[in-house]
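J.: Have a look at this one before I ask anything.
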2 protein chains.
Amino acid sequence: MSIAELISKLNTLGFSESAFEHAAVDTVDQWAEALATVSGVPSDYVLTKTLIFKPKQPKSAPIAPVVVIAKGDSGTNSTLLGKELGLKDLRFANDDVLTNIFKTSKGSVSPFALGNVPAENVEHIKVVVDQALLADGVGKIAFHPLDSTRTVFIAPATLTSFLESVPGLAAFRPIDFEKLAAAAPAPKPAAAEKKPKKAAKKEVAEVVGSAKLGIEVTKEGDFAKWYQQVVTRSEMLDYYDVSGCYIVRPLAYFVWQQIQEFFDGGIRNLGVKNCYFPMFVSSRVLEREKDHIEGFAPEVAWVTRAGSSDLAEPLAIRPTSETVMYPYFAKWIQSYRDLPLKINQWCSVVRWEFKNPQPFLRTREFLWQEGHCAHLTKDEAMVEVRDILELYRRIYEELLAVPVIEGVKSEKEKFAGGVATTTVEGFIPTTGRGIQGGTSHYLGQNFSKMFNVVVEDPEATGAERPKLFVHQTSWGLSTRTIGVMVMVHGDDKGLVLPPRVAETQIVIVPCGITVKHTDEERRKLYDACLDVAHQLKQLGLRVETDLRDNYTPGFKFSHWELRGVPLRLEIGPKDLEKQSVLTVRRDTFAKQPVSRSDIETAIPALLETIQKDMLVKARKTMDERVKIVLDWENFVPTLNDKCLTLIPWCEREECEEQIKERSSRDSLGDEPEDDKAPSMGAKSLCLPYNQPAEPPIVPGQTKCIQCGHEAKRYALFGRSY
Amino acid sequence: MSIAELISKLNTLGFSESAFEHAAVDTVDQWAEALATVSGVPSDYVLTKTLIFKPKQPKSAPIAPVVVIAKGDSGTNSTLLGKELGLKDLRFANDDVLTNIFKTSKGSVSPFALGNVPAENVEHIKVVVDQALLADGVGKIAFHPLDSTRTVFIAPATLTSFLESVPGLAAFRPIDFEKLAAAAPAPKPAAAEKKPKKAAKKEVAEVVGSAKLGIEVTKEGDFAKWYQQVVTRSEMLDYYDVSGCYIVRPLAYFVWQQIQEFFDGGIRNLGVKNCYFPMFVSSRVLEREKDHIEGFAPEVAWVTRAGSSDLAEPLAIRPTSETVMYPYFAKWIQSYRDLPLKINQWCSVVRWEFKNPQPFLRTREFLWQEGHCAHLTKDEAMVEVRDILELYRRIYEELLAVPVIEGVKSEKEKFAGGVATTTVEGFIPTTGRGIQGGTSHYLGQNFSKMFNVVVEDPEATGAERPKLFVHQTSWGLSTRTIGVMVMVHGDDKGLVLPPRVAETQIVIVPCGITVKHTDEERRKLYDACLDVAHQLKQLGLRVETDLRDNYTPGFKFSHWELRGVPLRLEIGPKDLEKQSVLTVRRDTFAKQPVSRSDIETAIPALLETIQKDMLVKARKTMDERVKIVLDWENFVPTLNDKCLTLIPWCEREECEEQIKERSSRDSLGDEPEDDKAPSMGAKSLCLPYNQPAEPPIVPGQTKCIQCGHEAKRYALFGRSY
């Protein structure tokens, strides 16, 4: 049914006006806001929402959707509604139902879609109408006839007669949602905890007009779903049709490029040069270093065919490049004069994990940088390992405003085949879990012995100088950085980007223009926005000016908030008069007017402040949640309080196993391990370089809190990603 | 045998001195130069070379190497020697022979290695000694006892008695290489043409002291081998153990990064944003666009296994990303307001070609950039196609100093699935072949129809707006650029880099220091070098200072010439006095002193001149070799003169087939198609935008020179890569 057809049909039902066009809207508030700028709309009307649900039913049964036509602000709880209708597991219907049965799509659902339903489906549909729409004194009811850029205002009677006019449609059922809500028992917190989790696993259809633009859950309420919605709806990332692989969209790739630029500068100063090695590895070479490959073998992807012919020997896609590169180190390093050899490559690697993939955090293909160096001495190598770790720390803290804890990995957690792994560990407050941020390895001589990377001892003299195996390092940082940043800073409105890595640092939005303003006034306002934008771009700032006149300011605010733009400048007619702009911080939503004359100093300063404050805030949270624990009894409870622990530890691998096992068993709950499972065991994240001063570890006295053996150092233990 | 053992053994044979240490050398000339700086060496001596050959023999037969001990400047032609000794196909022995039989390695071969040969091998060894070393009046003969940093001077008698002292070694055979050469018939040019070609396919062992540092063939003499040696020995690239894949080493990767930086800036101005799509494609998606995939199917690499388990559905590794990206274009483009959508990614793609791979030019995995855009109108799309092509032209001409011809591909040669392909075509003078440099495609609506990328017509009004399929473009440039640059500019001494893309633009080499100079003088000279380097770095120039005191200036010159460093500054004691430096251009070898006071202006200017001159020179060569051909008779002869042709052409696909077929048949020679085969047929490279003015194509009159149909335009035809 086209809108023309619809209108003419409505005309036969006592509707005499036509549809009003306006800005696209995605919430009832924005709808109201949009209509405010349209002339000729009724002085008084009721906004609505139309929801399509589906009960749980056998696959064989004909689909029986429930269409709910409700007042915009009525609470339409699907569980309560299901009970009321005697339907099991009422949920939002999915796209197929919208497309195939109602011939409509997300953002365009309305009661009028009932006119599109084929006869064979109509009979199974239940229609519910909110009493609040039928109550006396209700004048006009607003609906989107076709999409969210149009509105018709009809009388309740027109609605009901439309419903009656649909051939084969059962009589609608009026429901008082207010009563319904009031009658419901208060949900148990536990239940409340679980529900969103279940929902997270379902494909959710749309509330009228909301084209899935905003975030539908809270960060605290359903973190997993929140994260998924933030990364996708902010347009950082999109899901891909190969599971475990994701599309890194420009907003996220820009962050990565900022990291690349910073890190490339840092390693250039260390004398590291960029290069590129092939992605394919022959099994022979891949399996050269046994311990090393054991760590990766189960995750290696194999190419066995090219075109239509099988390869003589299957080829692995690099999971990392130690064994790819080191045979060539042996070839290139002929003398100690060829040392140090320092190279790095930016590439993607493939690790076919079978655990649940997660955008940025755990993906089967991911982008990273991997550095590989060979040194004459261990000391030289160790200095470099720490220099690189320091660069990683700075990337997290100075670019991403994410605090990290530096330290050494335990024997159990270190890099397979290496001697020691240093790491920067992040913390995700919402889940209380730690996350490995980046690692810098001292490989010792394991690989050089395996691949025979040797030089003559320069110290030795005479004809035959003894051979020395070189000391190697490798270090890597991946796009996981982006995921950590999102998890730490994001809020219920979406992404929050630190200014230094934000593709758009400032968005300028003209405000306060209504139908009462002239085009002249509008143009003056737009020009002012463009002037300010120009002024700021001259300073090298990254600025967007949102002059789309088919969207309301409110729509634009949510649009850019969702995308994490650090600073918004609002300019309205009044600001023009006052020669000022209103600044709104994304991180705190603090508003502050800035005089036009101060812009060039005030705005850059404000961005710096935001960058600084974001780190300070995140560090404060982390500091409060990293707890020194001195006896086992408090270990798991501390984890359950979403904290990480610092414990006096013996550093024995056996003990680490026990800690994981015991902390898992001792935990409450019997859920399978997943993102929210409190039953997950704890592992050592690192032995921090920065050890707590109080209480000190007294050699020979202080005991490991788990096994009672002598404690060597404080270790950071926690649940982790 | 250690050198100590060797010396004591030589002492028993009448040798009384010990070994002299000096700079490492890789040629006889450098050896002489090095010895000149060592005090206490004999006033008169003869330099030598020791070569180890191997005849063609059945696998089963015991290896029978031939050791040739010759005067440094004697011509030791292996073919003639083979004839003389009655041995078939005498070639340099490979590494295994050196390592396993002689217990020595490249750079360290000497007659004394015979002392290491196991008894069971000794009996099969033939030793040849150059008469010139045994002639009367020969005083001392110089050998490297262990490696090229040491020299012993022994009497001919000591050499012969050493040879006699080796248990089981047959008596050596004296040969007069001068006579041998004189007696040889002048080789037929054809034969001369062919020999290096065969050799190119063999692994070649080493002349004493030459650690495979220089280029052993001339660019004109054996282009294929020259190219292979230049890219590998300059350390731009290394061969990898997976055929068709190569390691892009820092020197080459730096060039690529310069290209990236330039291009990223260019596309940013066009509003293109960078992103990253997964490398894997499901067959379903890959095969969506039939014409398109037909072009790639035979070359697609398939992942079928992960860890030890087979994948449910095999996954292709992207050969290019049209079908990877466009399903998401359909998702992201909901309205004309989402247009234009402009994205680009830097990644590697895999095309498993079975033709001979060639470094940079044809590799199974290669680095490239691929841009993909969607526009509302064809005009918009076409403008972009040309904007990008212009950026490609500028990369070749302004960065790489390589002239290109811009034009449109023929129907036969255009991108599979697209509507029109624009291209920049390069020219390799040495082979007279064209090479596709980069392509920018107008895809029309083929893909948008296939993937349903549609928007509502913004022009149309009313409720139901007609759908428009978007107009798409895609464009790509790869690391092939680097290969073209090498082929065009390189010379017999190795790589020649344009200053703008050279990792090292200037190398400073201290000269003229001999044993006569004091350490004080040496330090003063070195300080001067470092001062100049510092001065130039301040200007943002990329400078190396080669103060290695274990290498001779001559060694350093070839080292940096091989690596293509555009400008060398020589500073010696005399220059210090004159307060000047000597500049030596890599492109012309022109030498010119520059006063220290002028350095900051003169050097940057000189680099600019080099950059400019390299393009001018290359363009002049190309212009002379692109010939207008007006009748078929001259077509193939022109190709055989290593030229490209501009011919009036009918633009019919059938005719293009015939041209390829006829030009191949008409050609001389019956060799199989390969890099040097003159029998290769010609194909159309492009229809140049810049058409010859004279003689003009007269519509209705001018005929296609091949088929006689009406000619539409001049087309660029030639043999190509």
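J.: Compute the normalised compactness of region A:386-514: alpha-carbon radius of gyration over 2.2 N^0.38 Å, N being the residue count. Mind showing how you got there, number by number?
T.: Details: Rg = 22.1 Å, N = 129, 2.2 N^0.38 = 13.9 Å.
Cα-based Rg divided by the globular estimate yields 1.58.
J.: Okay, moving on. With the label 7 angstrom out along Cα to Cβ, how close does A:T621 come to the same site in each of the other copies, in nm, nearest first?
T.: 6.1
J.: Taking the dipole about the Cα centre of the protein assembly as shown, with the C-beta of Lys and Arg at +1 and of Asp and Glu at -1, give me whichever of B:A132, B:W649, B:C707 is farthest to the positive side.
T.: Sorting the options by dipole projection puts first B:C707.
J.: Would you mind giving the mean number of other chain beta-carbons within 10 Å of the Cβ of each residue in B:435-447, as a whole number? Can you show the working numbers first?
T.: Values: counts 0, 0, 0, 0, 0, 0, 0, 0, 0, 0, 0, 0, 0.
Average neighbour count from other chains, rounded to a whole number: 0.
J.: If the label for B:E600 sits 7 angstrom from Cα along the Cα-to-Cβ line, what are its distances to the same label in every other copy, in nm to one decimal, shortest first?
T.: Relative to the other copies, B:E600 has label-point distances of 2.8 nm.
J.: Another question, then. Whole-Hz Karplus ³J(HN,Hα) for region B:333-339, in order, using 6.51 cos²θ - 1.76 cosθ + 1.60 and θ = phi - 60°, x for Gly and Pro?
T.: Per-residue couplings from phi come out as 9, 9, 8, 4, 5, 7, 9 Hz.
J.: Continuing with this model, one more query. Taking Cα pairs under 8 Å and at least six residues apart, what relative contact order does chain A come out at, in percent?
T.: Details: 1410 pairs, mean separation 77.5, N = 721.
Relative contact order, chain A: 11 percent.
J.: Give me the accessible area of A:R288, 1.4 Å probe, in Å² rounded to the nearest 10.
T.: 100 Å²
J.: What pairs from B:K414/B:K660; A:K56/A:K83; A:K493/A:K556; B:K620/B:K703; B:K409/B:K703 go past 18 Å between their alpha carbons? Don't jump to the answer; show the numbers that get you there.
T.: Working: B:K414/B:K660 16 Å; A:K56/A:K83 13 Å; A:K493/A:K556 13 Å; B:K620/B:K703 29 Å; B:K409/B:K703 20 Å.
Correct reply: B:K620/B:K703; B:K409/B:K703.
J.: Got a sec to turn the phi values of region A:480-495 into Karplus ³J(HN,Hα) couplings, 6.51 cos²θ - 1.76 cosθ + 1.60 with θ = phi - 60°, whole Hz, x for Gly and Pro?
T.: Calculated HN-Hα couplings, in order: 3, 2, 5, x, 4, 4, 4, 5, 6, 9, x, 9, 5, 8, x, 6 Hz.
J.: Turning to a different aspect of this structure: Please report the antiparallel percentage of DSSP beta bridges with both residues in region B:499-621, rounded to the nearest 5. Show your work: numbers first, answer last.
T.: On the way: 9 of 17 bridges.
The answer is about 55 percent antiparallel.
J.: Cα axis of helix A:599-625 to longest principal axis of chain A: angle in degrees, 0 to 90, nearest 10?
T.: 70 degrees
J.: While we're here: Given the alpha-carbon gyration tensor of region B:340-399, what are the semi-axes of its equivalent ellipsoid in whole angstrom, ordered largest first, with each equal to the square root of 5 times an eigenvalue?
T.: Values: eigenvalues 151, 50, 21 Å².
Rounded to whole Å, the semi-axes are 27, 16, 10.
J.: Please state, to two decimals, what the Cα-based radius of gyration of region A:467-555 comes to when divided by 2.2 N^0.38 Å (N = residues). Please list the in-between numbers first.
T.: Working: Rg = 21.9 Å, N = 89, 2.2 N^0.38 = 12.1 Å.
Against the compact-globule rule of thumb, the ratio is 1.81.
J.: Something else about it: Would you tell me the mean number of C-beta atoms belonging to other protein chains that fall within 10 Å of each C-beta in B:294-305, as a whole number? Before the final figure, lay out each step's value.
T.: Working: counts 0, 0, 1, 2, 4, 2, 4, 10, 9, 11, 7, 8.
So the per-residue partner count for this stretch is 5.
J.: From largest accessible area down, sort B:H471, B:H709, A:H144; use a 1.4 Å probe on the protein chains. Walk me through the intermediate numbers first.
T.: On the way: B:H471 30, B:H709 90, A:H144 5 Å².
Correct descending sequence by accessible area is B:H709, B:H471, A:H144.
J.: I need the semi-axes of the equivalent ellipsoid of chain A: take the C-alpha gyration tensor, multiply each eigenvalue by 5, square-root it, list largest first in whole angstrom.
T.: Values: eigenvalues 620, 194, 136 Å².
Square roots of five times the eigenvalues give 56, 31, 26 Å.
J.: Could you pull out every residue, at least 5 positions away or on a different chain, whose amide H is within less than 5 Å of the one on B:S580? Hs are placed 1.01 Å off N in the peptide plane, and Pro or chain starts have none.
T.: Amide H neighbours of B:S580, under 5 Å, 5+ apart: B:R596.
J.: Here's a follow-up. Collect residues whose amide H, placed 1.01 Å from N in the peptide plane, falls under 5 Å from the amide H of A:K273; neighbours closer than 5 in sequence don't count.
T.: It is A:K342, A:I343, A:N344, by chain and number.
J.: Here's another thing I want to ask about it. Can you compute the helix-only [θ] at 222 nm over chain B? Use -39500 (n - 2.57) per DSSP H run of at least 4 residues, normalise by all residues, nearest 500 deg cm²/dmol.
T.: Numbers: 22 runs with 233 residues, N = 721.
So the helix-based figure for chain B works out to -9500 deg cm²/dmol.
J.: Can you list residues from other chains, or at least 5 along the same chain, whose modelled amide H is less than 5 Å from the amide H of A:R364?
T.: Answer set, sorted by chain and number: A:C245.
J.: With +1 on each Lys and Arg Cβ and -1 on each Asp and Glu Cβ, how big is the dipole of chain B about its Cα centre, in debye rounded to the nearest 20? Numbers along the way, then the final one.
T.: Working: 89 positive and 97 negative charges, 112 e Å.
The dipole of chain B has a size of about 540 debye.
J.: May I ask you to list the lysines whose Cα is less than 25 Å away from that of A:K467, ignoring any residue fewer than eight positions away on the same chain?
T.: A:K290, A:K331, A:K342, A:K378, A:K449, B:K9, B:K103, B:K106, B:K212
J.: How much solvent-accessible surface does B:M279 expose, in Å² to the nearest 10, with a 1.4 Å probe and all protein chains in place?
T.: 0 Å²
J.: Once you have the alpha carbon radius of gyration of region B:5-52, what is it after dividing by 2.2 N^0.38 Å, with N set to its residue count? Don't jump to the answer; show the numbers that get you there.
T.: Working: Rg = 12.4 Å, N = 48, 2.2 N^0.38 = 9.6 Å.
Output field value: 1.29.
J.: Next question, about the same structure. Compute for region A:499-621: radius of gyration divided by Kirkwood radius, i.e. Rg/Rh, restricted to C-alpha atoms, rounded to two decimals. Can you show the working numbers first?
T.: Values: Rg = 14.4 Å, Rh = 14.8 Å.
Over the Cα atoms of region A:499-621, Rg/Rh equals 0.97.
J.: What's the ranking of A:434-447, A:334-347, A:256-269 by average number of surrounding C-beta atoms within 10 Å, highest first? Let's see the in-between values first.
T.: Details: A:434-447: 23.2, A:334-347: 18.4, A:256-269: 16.3.
Going by the mean number of other Cβ atoms within 10 Å, highest first, we get A:434-447, A:334-347, A:256-269.
J.: Considering the Cα trace of region A:21-145, what is its radius of gyration and what is Dmax, both in angstroms?
T.: According to the Cα coordinates of region A:21-145, Rg and Dmax are 15.6, 51 Å.
J.: Residue by residue through region B:155-160, what is 3J(HN,Hα) from phi via Karplus (6.51 cos²θ - 1.76 cosθ + 1.60, θ = phi - 60°)? Round to whole Hz and write x for glycine and proline.
T.: Here the 3J(HN,Hα) series is 6, x, 4, 5, 4, 4 Hz.
J.: First compute the accessible area of the protein assembly as shown with a 1.4 Å probe, then give the percent of it belonging to carbon and sulfur atoms. Before the final figure, lay out each step's value.
T.: Working: 30710 of 59270 Å².
Roughly 52 percent of what the probe reaches on the protein assembly as shown is carbon or sulfur.
J.: Still on this structure, please answer the following. With labels modelled as points extended 7 Å from the Cα through the Cβ direction, what inter-label distance (nm, one decimal) is found for B:E661 paired with B:A170?
T.: 5.7 nm
J.: Here's another thing I want to ask about it. Distances longer than 18 Å among the Cα atoms of region A:294-429: what percent of all pairs is that?
T.: On the way: 6358 of 9180 pairs.
That tail contains 69 percent of the Cα-Cα pairs.
J.: Roughly what angle does helix A:250-269 make with the longest principal axis of chain A, taking Cα atoms, 0 to 90 degrees, to the nearest 10?
T.: Long axis of A:250-269 versus the principal axis of chain A: about 20 degrees.
J.: Let me know the charge dipole size of the protein assembly as shown about its Cα centre in debye, to the nearest 20, where only the beta-carbon of Lys, Arg (+1) and Asp, Glu (-1) is charged. Intermediate results must be reported in sequence, preceding the final value.
T.: Values: 178 positive and 194 negative charges, 206 e Å.
The calculated dipole for the protein assembly as shown is roughly 980 debye.
J.: Further, regarding this structure: Computed from the mean reciprocal separation of all distinct C-alpha pairs, what Kirkwood hydrodynamic radius does the protein assembly as shown have, in Å?
T.: Values: mean 1/r = 0.0269 Å⁻¹.
Kirkwood radius, the protein assembly as shown: 37.2 Å.
J.: Can I ask one more? What is the sum of charges around A:L687, taking Lys and Arg as +1, Asp and Glu as -1, for the other residues whose C-beta is under 14 Å from the C-beta of A:L687?
T.: Details: positive: A:K409, A:K412, A:K414, A:R652, A:K683, A:K712, A:R713; negative: A:E406, A:E411, A:E413, A:E425, A:E651, A:E653, A:E656.
Taking every other residue near A:L687 into account, the sum is 0.
J.: Follow-up. How much accessible surface does B:T423 have with a 1.4 Å probe, in Å² rounded to 10?
T.: Approximately 0 Å² for this residue.
J.: If you don't mind, there's one more thing I want to ask. Under 13 Å from the Cβ of B:F447, count the other residues' Cβ atoms, weight Lys and Arg +1, Asp and Glu -1, and hand me the total. Don't skip to the end; give the middle numbers.
T.: Numbers: positive: B:R288, B:K290, B:K449; negative: B:E289, B:D291, B:E322.
It works out to a net charge of 0.
J.: Taking R0 as 35 Å, what's the FRET efficiency between A:F589 and A:L547 from their Cβ-Cβ distance, rounded to 0.05?
T.: Numbers: r = 23 Å, r/R0 = 0.66.
Given R0 = 35 Å and the Cβ-Cβ separation, E is 0.90.
J.: Taking the Cβ of B:K140 as the centre, find all other residues whose Cβ is under 10 Å away and add up their charges (Lys, Arg: +1; Asp, Glu: -1). Walk me through the numbers before you get to the answer.
T.: Values: positive: none; negative: B:E17, B:D44.
Net charge around B:K140: -2.
J.: Which whole-angstrom value gives the distance between the alpha carbon centres of region B:279-340 and region A:683-703?
T.: Each part reduced to its Cα centre gives a spacing of 52 Å.
J.: D for region A:589-673, whole µm²/s, Stokes-Einstein with Kirkwood Rh over alpha-carbon pairs at 20 °C and 1.002 mPa s: what number?
T.: Details: Rh = 16.9 Å.
The Stokes-Einstein estimate is 127 µm²/s.
J.: What's the FRET efficiency of B:L530 with B:S16 using the Cβ-Cβ distance as r and R₀ = 35 Å, to the nearest 0.05? Present the calculation step by step, with values, prior to reporting the outcome.
T.: On the way: r = 43 Å, r/R0 = 1.23.
Step by step, r from the Cβ atoms, then E = 0.25.
J.: Right, here's the next one. Which distances, in nm and shortest first, link the A:V515 label point to the same label point in every other copy, taking 7 Å along Cα→Cβ?
T.: Once sorted, the set of distances for A:V515 reads 10.3 nm.
The values are calculated or read from the model by the stated rules, or taken from the named source; none is laboratory data. No experiment lies behind these values; they were computed from the predicted model shown. So basically every Cβ, Gly included, is an ideal-geometry build from the backbone, and we count neighbours across all protein chains shown. For the accessible areas, the whole protein counts, side chains as well, though only heavy atoms, and no ligand, DNA or RNA atoms are used. Shrake-Rupley method; radii C 1.70, N 1.55, O 1.52, S 1.80 Å.
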